[in-house]
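Q: What follows is a structure written as structure tokens; I'll ask about it next.
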Amino acid sequence: VQLQASGGGLVQPGGSLRLSCAASGTIFSIMGWYRQALGKQRELVATVTRDGSTNYADSVKGRFTISRDNAKSSVYLQINSLKPEDTAVYYCNAIGLGSSRAYWGQGTQVTVSS
């Protein structure tokens, strides 16, 4: 099983980014994004089930949108109205259907700075 995240970068406050994560190797139930800022614990950002039900951290509601393409085993995160406190390494995560095993991507850096 592999998860390959991409789309991070340096963006000014108020800007936008779209993160992508391509997964392969099995079928996934829940897919999502987590982030880890320097010196802090990894935290949930958003998750989406196979049927499209979503869940967001309170800190990102209204600014972030998670989506997935089951045919491509991919999950996306549209990030709008970025704030400096959104600066972190963003990790994609996927749970194997049936196994409930968790898989992680390698992370992509998002830096919000003027």
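Q: Heavy-atom accessible area per residue, the chain, 1.4 Å probe: how many Å²? Could the numbers behind the result be given before it?
A: Details: 5990 Å² over 114 residues.
Roughly 53 Å² per residue, with all protein chains present.
Q: Further question on the same structure: Return a whole-number percent for the relative contact order of the range 6-47, with Cα pairs under 8 Å and 6 or more residues apart as the contact set.
A: 26 percent
Q: Between the range 19-43 and the range 66-91, what is the C-alpha centre distance in whole Å?
A: Cα centroid to Cα centroid, the span is 9 Å.
Q: Please compute the modelled spin-label separation between Leu97 and Ala57, points set 7 Å along Cα→Cβ, answer in nm with one decimal.
A: If labels sit at Ala57 and Leu97, their model points lie 2.8 nm apart.
Q: Still on this structure: Quick check: at a probe of 1.4 Å, how many percent of the accessible area of the chain sits on carbon and sulfur atoms?
A: Details: 2800 of 5990 Å².
Looking at the chain in its full context, I get 47 percent from C and S.
Q: So for the range 34-104, considering every pair of alpha-carbon atoms, how many percent are separated by more than 15 Å?
A: On the way: 1402 of 2485 pairs.
Result for the distance tail: 56 percent.
Q: Over the chain, what is the relative contact order in percent, taking alpha-carbon pairs closer than 8 angstrom and at least six residues apart?
A: Numbers: 290 pairs, mean separation 42.4, N = 114.
Relative contact order, the chain: 37 percent.
The values are calculated or read from the model by the stated rules, or taken from the named source; none is laboratory data. Predicted model, so just to flag it, every value in this text is computed and none were measured. Cβ atoms come from the backbone with ideal geometry, glycine included; neighbour counts cover every protein chain shown. To get the accessible areas, we keep the full protein, side chains included, count just its heavy atoms, and leave off ligands, DNA and RNA. Shrake-Rupley method; radii C 1.70, N 1.55, O 1.52, S 1.80 Å.
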